[in-house]
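The values are calculated or read from the model by the stated rules, or taken from the named source; none is laboratory data. Values in this document were obtained by computation on a predicted structure and should not be read as measured data. Cβ sites come from the backbone with ideal geometry, for glycine too, and all protein chains shown count toward neighbours. Ligands, DNA and RNA are excluded from the accessible area calculation, which covers all protein heavy atoms including side chains. Shrake-Rupley method; radii C 1.70, N 1.55, O 1.52, S 1.80 Å.
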Amino acid sequence: MRTQVAIIGAGPAGMFLAHLLHRDGIDAIVIERRDRAYVEGRVRAGVLEQVTVDLMHRLGLATRLEREGLVHGGTNLSLDGRMFHIDMKTLTGGATVTVYGQQEVMRDLFDAADDRDVPIIWNAADVALDDLASTRPRVTWREEGIGRRLDCDFVVGCDGYHGISRASIPADVLRTFERVYPFGWLGILADVPPVEDELIYANHERGFALASMRSATRSRYYVQCALDDAVDDWPDERFWDELCLRLGSDVGSRVTRGPSFEKAIAPLRSFVGEPMRWGRLFLAGDAAHIVPPTGAKGMNLAVSDVTMLGEALAQHYQAGNDAGIDGYSRRALARVWKAERFSWWFTSVTHRFPTMDGFDRRIQMAELEYIRGSEAAQRALAENYVGLPLGAAR
Ligand code: APR
Ligand code: PHB
């Protein structure tokens with residue numbers, strides 16, 4: 001088989017890129033290790049930046065998003081139970097975010113791929129990349145035990161943090177940068193109305209909590225937990241008690257409790273691999289970088305990467321101009337590092353670190369008090385939260 005662009009992984013990065021290339025008349029095939037139900041079933045964050053919403057519109061993927069997405073012009077912070085509001089829309093001159101679960105985004109991407117005949121190969125085992133430094137790279141895998149081979153012009157590694165693509169970059173070229181946080185997030189979904197119209201990021205003496213949602217009748221809540229906690233340590237009642245405590249008595253007393261139908265613990269990590277291109281291989285999304293979920297930048301960063309890469313590949317195929325692909329890594333990393341900084345900072349000021357002493361705690365409280373009282377500080381938070389511009393191509 002032959003194609004122009006081989007895309008490894010059918011997560012948000014791979015599927016948005018597949019739709020972008022399809023729109024521009026560039027041949028691409030997505031090769032995914034798992035099946036659709038598995039990829040679509042993974043519960044992830046649910047806040048879309050304007051960049052992501054705009055792309056869904058441009059790709060004709062926004063019908064359900066328009067109907068079901070919850071547009072938020074603000075967000076709330078809470079310090080030891082005292083909540084304050086950040087009016088992001090006013091502070092940024094009109095920008096908003098849209099709450100719409102990643103699972104819904106994936107469903108829209110896959111449904112449209114079926115309708116448009118965007119090819120996806122599911123259940124590809126032992127995917128391997130070869131000759132990436134040549135002009136004729138190739139991807140091999142096994143399908144139901146049978147060996148397959150795809151020749152292409154470019155390979156795009158959209159195979160997430162644990163994929164094989166990043167590892168194809170020679171060790172003396174790849175540089176990695178990492179922070180692992182000494183806590184996790186325990187998240188639940190429950191069919192109860194959300195406690196507030198907008199999200200609440202809560203810093204409490206006992207640890208971080210987040211009140212989020214999927215719809216007017218479905219809530220998504222998180223509490224910071226210990227890294228060695230197990231889901232079984234957290235029966236629903238303990239979860240609700242701890243959540244309400246951390247949100248404070250005012251908000252906590254308004255929380256509607258109910259049985260959770262999803263409960264999982266996720267570790268938190270910051271990670272960047274540089275460069276995001278080697279030979280004919282490009283990396284996009286989690287294959288190149290990870291952010292902690294505070295601020296919900298993960299999927300949005302995957303979208304900004306592939307928006308830039310889509311433009312670059314269109315320039316290559318339509319105009320014979322390689323400036324975009326040559327500049328991709330630098331341009332993408334410039335935005336990635338700003339999102340890394342924001343996610344790291346937002347995590348640092350809202351979580352309880354095991355090594356924190358009284359001084360650290362008071363500095364954290366002072367920082368949140370400063371944000372409460374300063375329009376300039378609120379604006380800095382707001383412009384990062386709604387998403388920074390993509391940045392110039394050159
Ligand atoms: N071969 C083929 N596919 C692979 C391989 C492989 N060797 N390894 C991993 N994959 C697939 C995974 O099964 C997954 O479906 O690649 C996909 C990667 O998807 P994500 O991990 O979601 O990564 P990405 O598309 O970059 O998404 C970025 O969305 O899922 C969130 O947490 C993620 O917020 C981040 C954002
Ligand atoms: C979510 O709704 O899952 C969510 C929202 C905001 C975050 C992280 C996760 O910062």
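In table form, for the structure just shown:
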{"read-out": "Surface/4 estimate of mean projected area, convex hull on alpha-carbon atoms of the chain, nm²", "value": "19.8 nm²"}
{"read-out": "Candidates ALA62, ALA45, ALA366, ranked by Gaussian network fluctuation over the chain, Cα under 10 Å, top entry", "value": "ALA366"}
{"read-out": "Cα-derived Rg over Rh, computed across segment 259-394 with Rh taken as Kirkwood radius", "value": "1.08"}
{"read-out": "Nearest-20 debye value, segment 59-149 charge dipole, Cβ charges on Lys, Arg, Asp, Glu", "value": "220 debye"}
{"read-out": "Volume per residue of the C-alpha convex hull in segment 189-293, rounded to whole Å³", "value": "137 Å³"}
{"read-out": "Mean ellipticity per residue at 222 nm, deg cm²/dmol - from DSSP H runs of n ≥ 4 across the chain, formula -39500 (n - 2.57)", "value": "-11500 deg cm²/dmol"}
{"read-out": "Lys, Arg +1 and Asp, Glu -1 on Cβ, resulting dipole of the chain about Cα centre, debye, nearest 20", "value": "580 debye"}
{"read-out": "Under 5 Å, built H, 5+ apart or other chain: amide partners of PHE183", "value": "LEU268"}
{"read-out": "Full-stretch length increase - THR176, GLU262 - with 0.36 nm per residue and alpha-carbon distance subtracted", "value": "27.7 nm"}
{"read-out": "Segment 143-219: chymotrypsin sites (Phe, Trp or Tyr not before Pro) falling in loop per DSSP and having at most 15 other Cβ within 10 Å", "value": "TYR161"}
{"read-out": "VAL39 - accessible surface, heavy atoms, 1.4 Å probe, Å² rounded to 10", "value": "10 Å²"}
{"read-out": "Semi-axis lengths (Å, descending) of the ellipsoid that matches the C-alpha gyration tensor of segment 105-159", "value": "23, 15, 10"}
{"read-out": "Anisotropy class of segment 166-225 from Cα gyration tensor, a/c 1.5 cut", "value": "prolate"}
{"read-out": "Candidates PRO259, PRO292, PRO194: whichever shows maximal mean-square fluctuation once the chain is modelled as a Gaussian network with Cα springs under 10 Å", "value": "PRO259"}
{"read-out": "Positive-end residue, segment 38-145 charge dipole about Cα centroid, Cβ charges, pick of GLY81, VAL127, MET56", "value": "GLY81"}
{"read-out": "D (Stokes-Einstein, µm²/s), Kirkwood Cα radius, segment 40-100, 1.002 mPa s at 20 °C", "value": "164 µm²/s"}
{"read-out": "Set of lysines with alpha-carbon distance to LYS338 below 24 Å, sequence-local pairs under 8 removed", "value": "LYS89, LYS297"}
{"read-out": "Principal semi-axes in Å for segment 16-124 [√(5λ), Cα gyration tensor, largest first]", "value": "32, 17, 10"}
{"read-out": "Accessible surface of the chain, 1.4 Å probe, proportion on carbon and sulfur as whole %", "value": "49 percent"}
{"read-out": "For the chain, accessible area per residue (1.4 Å probe, heavy atoms of protein chains only), Å²", "value": "42 Å²"}
{"read-out": "Three-way shape label, segment 8-57, alpha-carbon gyration tensor, a/c 1.5", "value": "oblate"}
{"read-out": "Excluding exposed DSSP-loop GluC sites (Glu not before Pro) (at most 16 other C-beta within 10 Å), longest clean stretch of the chain", "value": "206-394"}
{"read-out": "DSSP beta bridge pairing in the chain, given as percent antiparallel to the nearest 5", "value": "75 percent"}
{"read-out": "Under Karplus coefficients 6.51, -1.76 and 1.60, residue-wise ³J(HN,Hα) of segment 272-286 in Hz, glycine/proline x", "value": "9, x, 10, x, 9, 9, 9, x, 9, 9, 10, 10, 8, x, 4"}
{"read-out": "Listed residues ALA296, PRO275, GLY310: farthest to the positive end of the dipole of segment 235-328 (Cβ charges)", "value": "ALA296"}
{"read-out": "Per-q log10 I(q)/I(0), segment 191-252, q = 0.17 Å⁻¹ (Debye; single scatterer per alpha-carbon; no solvent)", "value": "-0.57"}
{"read-out": "Unit charges on C-beta of K, R, D, E only; dipole of segment 314-394, Debye", "value": "60 debye"}
{"read-out": "Prolate/oblate/rounded call for segment 279-319, Cα gyration tensor, a/c under 1.5 rounded", "value": "oblate"}
{"read-out": "Segment 96-130-segment 305-320 distance, computed between alpha-carbon centres (Å)", "value": "20 Å"}
{"read-out": "Contact order relative to length of segment 85-182, as percent, for alpha carbon pairs under 8 angstrom and 6 or more apart", "value": "13 percent"}
{"read-out": "Most positive-pole-ward Cα, ALA366, SER348, ASN321, against dipole of segment 310-367 from beta carbon charges", "value": "ALA366"}
{"read-out": "Cα-Cα separations in segment 124-258 greater than 21 Å, expressed as whole percent", "value": "60 percent"}
